[in-house]
1. How much net charge surrounds Ser624 when only other residues with a Cβ under 10 Å from its Cβ are counted (Lys, Arg +1; Asp, Glu -1)?
2. Tell me, what ³J(HN,Hα) does each residue in the stretch 556-570 have, in order and in whole Hz, if you take phi through Karplus 6.51 cos²θ - 1.76 cosθ + 1.60 with θ = phi - 60° and put x for Gly and Pro?
3. Beyond 20 Å, what share of the Cα-Cα pairs of the stretch 75-132 is found? Please give it as a whole percent.
4. What 222 nm value per residue comes from the helices of the chain, counting each DSSP H run with n ≥ 4 as -39,500 (n - 2.57) and dividing by all residues, nearest 500 deg cm²/dmol?
5. Would you mind computing Rg(Cα) / (2.2 N^0.38 Å) for the stretch 101-145, counting N as its residues?
6. Please compute the Cα-Cα pair-distance distribution of the stretch 501-651 with 10 Å bins starting at 0, giving whole percents from short to long.
7. Can you give the Kirkwood hydrodynamic radius of the stretch 351-390 from its Cα pairs, in Å with one decimal?
8. To one decimal place, what orientation-averaged projected area in nm² is obtained for the convex hull of the Cα set of the stretch 270-318?
Amino acid sequence: MIRDQLPTSQVRYVGREVTRIEDPGLVAGSTQFIDNLALPGMLHCAILRSPHPHARIIRVNANPALALDGVVAVLTPEDVRRLANPALTAPAGWGTHCLATDKVRFVGEPVAAVAATSRHIAEDALELIEVEYEPLPPVATAAEALADGAPLLFEQHGSNVIQARVYDWGEVDRVFAEADQVVRSSFRWNRVGANPTETFGCICQWDLADNSLSCYGSYQVPSFWGLARSISLNLPANKVRVISQPMGGAFGGKGGARATDIAALLSRKAGGRPVKYIEDRMEYLLAGFGQSWDRHYEAALALTADGTMTGLRVKLIDDQGATAEGYGTISVAKPLAAFTGNYRIEAARYDTTLVVTNRAPTAPYRGYGPPPHFLVLESLVDLAARQLGVDPAELRRRNYIGKEQFPYTIPSGNEYDSGDYAAVLDKALALAEYPALRRRQAEARTAGRLVGISVVSTVEPGVFDWNAYATVGVQGVGVPEGVRVVVDILGNVTVVVGFNLQGQGQYTIAAQVVADFFGLELGAVRVTTAPTDLAPPHFGQGGSRLGVAVSSAVLGACRKLEADFRRVTAHLLGVPLDEIELMDGRFRMKSRPDAGMSLAEVAGLMLGRSDLLPPGMEPNPQASCVWTAPGRNAPDDQGRCRSYLTAANATHVVMVEIDRDTGHTEILKYVVVDDCGTRLNPAMVDGQIQGAIAQGVGAALYEEYVYDGQANPLVTTFVDYLMPTIHEVPRTERDFVVTPSPTTAFGAKGCGEGALHTTPAAVICAVNDALAPLGVALTETPASPQRVWRLLRQAGLG
């Protein structure tokens, strides 16, 4: 399939493991991250944050801070009321300004800010700002938010419910009424978060002469942030320029909207001097928009007597935190893209209630919603297998969508492009030596050890579209990704993109396609990021899309160049256009392959001898292409639409052992087999999988943002927020299956979120398999030693 798309007799780069072109700068330390950047006259920002989860602001006096030597500007609630607008949210109306104006809604919410000649002076000045609060009763949990007479976070709405909606797909009530077996359970997924190595940072400079704004920073989706800043800061969109720096990870949870607006307004008040803000780790953990998925589930799975799954009901209460400004609401909508997982379930219901509480606002995190959903679904499948007395692998096999059924439309409306779930399962079971694994488990149980095994399968929706999120108020169909491919007079090629360097390797993907298309060495291709005012339309990283999107856009731009260069060659050689072909880097005559021109010769002629060009042709050896996923459509009244273009899948087999005395869980074996279609660069796919497994293990066993009964955060350092290290992340055994996507240029599927869809479910299901002989089950994440120890005590151990 790759060869069909490229004019080469031998594919050298696409689909091969090649050294990433981004890495030399990273290894040498020359890559410039935002904290490495300094501008002339730059000031430093510090932010005063609320100590209260819920309080009315009576008075803010920043004059003492402004009088401190070295302080140049202060920003107060009165300033932002006058100069800025509240944040846009989906659904609308659940946001506030970059500083709290009337009241604070969570601990850590910005209240005032200072710009000074150094960060330590700015921090000292914060202590001089006088803020008088009137504490209000907090709403600490989702249950409290829904209680009669609960304090309201947004009085104008008359409720703490952002949205309540039930989706019905098929004859759900009939299916459950006719079921021979119905398994039910409740689940609690506690907050986890992205925690990238680098926290958020920005430098903002307001040009007072033409009333424009430049923002340098670690922005994951620069065009999106630029447009949002124009709205919040009352600027025309073409007056906001975002220069996105290389990033030390993001995973969705980078945030930065409030901090950017604060730094921008401080720059405006400081006469246009640039203002730098670097979020520290405590600020990130407290209020850095890196918290996600605060969920309460009640769910049921209907089956016939032979184990055929027929219906799925999921009731979700989702705690969005204090506002909807982080777009965490989208994570409730995304499961529609893969609601019934790998299975032929004919009917489903999704009952959702989104509420605000006085916890920090939730935000995107890798996977953006399906990881908790798949924990629920796969746990129900395991529960059904136990009740039916069927091996969990066999029950899944019976219910898989068959490879001959693709493309397959699931009840919630999305279309899966391709797959062979049984082949993935077979390879995973063989790699794990599954029968031997079960024998080992039986021997361990005979010896009194608590050993569990899971076999879990999930789907990874890839290449998102805005239509997937229409049910929470996001509008639009089509997410553009544009590139510009430029050939200079000597034949060197530059690819201009709108997204920045974030670690996944998409610069290399772009270079691989260009190098193979034009017969170049990989090192001859340069990839660079343009500021938002110069970049082609783009979105960037997010939604497991960019590998597919950028390779498709680059291919489209290369084909446009090929057409122009063929026309030049045909004109110069005096032959019909259809006599010229591009092959192995030369534009040659089909009848005389030795006669033709190289890429450099054609580009050189276009730029150096325009008098020789065909009549009417511009001397312009560059082309742009803006790609968007084909075949997307607007959703119906139940949210059904073709949303995500591709559907990768994976099966994980996990063995764990629980210490009977401490409740500690050790992963003994971890096997992964995935199918993400064509692997554009296998080494990078492996990296995505292993990284996602690390995050999934963290979510399953270690990580949790904890709040007390008054909505005060108890997690402010990594002493409190436990993340897995290399010693806790298992060494995995991996293999793969390839079913190319018929909807993408090279057959690739989105794979950036990868194993995070599967790992939490795989680990928790293995824990519950270990606990099953005791008659107890874990239904709350993470499976911390204390939480598991309590279950062991409940079962009479110890």
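1. It works out to a net charge of +2.
2. These are the phi-based 3J(HN,Hα) values: x, 5, 4, 5, 5, 4, 4, 5, 5, 5, 5, 5, 4, 5, 4 Hz.
3. When all Cα pairs of the stretch 75-132 are counted, 33 percent exceed 20 Å.
4. It lands at -8000 deg cm²/dmol.
5. So the Cα radius of gyration is 1.56 times the expected 2.2 N^0.38 Å.
6. P(r) for the stretch 501-651, in whole percents per bin: 10, 31, 29, 19, 9, 2, 0.
7. 12.9
8. 7.2
The values are calculated or read from the model by the stated rules, or taken from the named source; none is laboratory data. Everything quoted here is computed from the prediction, not taken from an experiment. All Cβ positions, even for glycine, are placed from backbone atoms using ideal geometry, and neighbour counts span all protein chains on display. All accessible areas refer to the heavy atoms of the entire protein, side chains included, with ligands and DNA or RNA removed. Shrake-Rupley method; radii C 1.70, N 1.55, O 1.52, S 1.80 Å.
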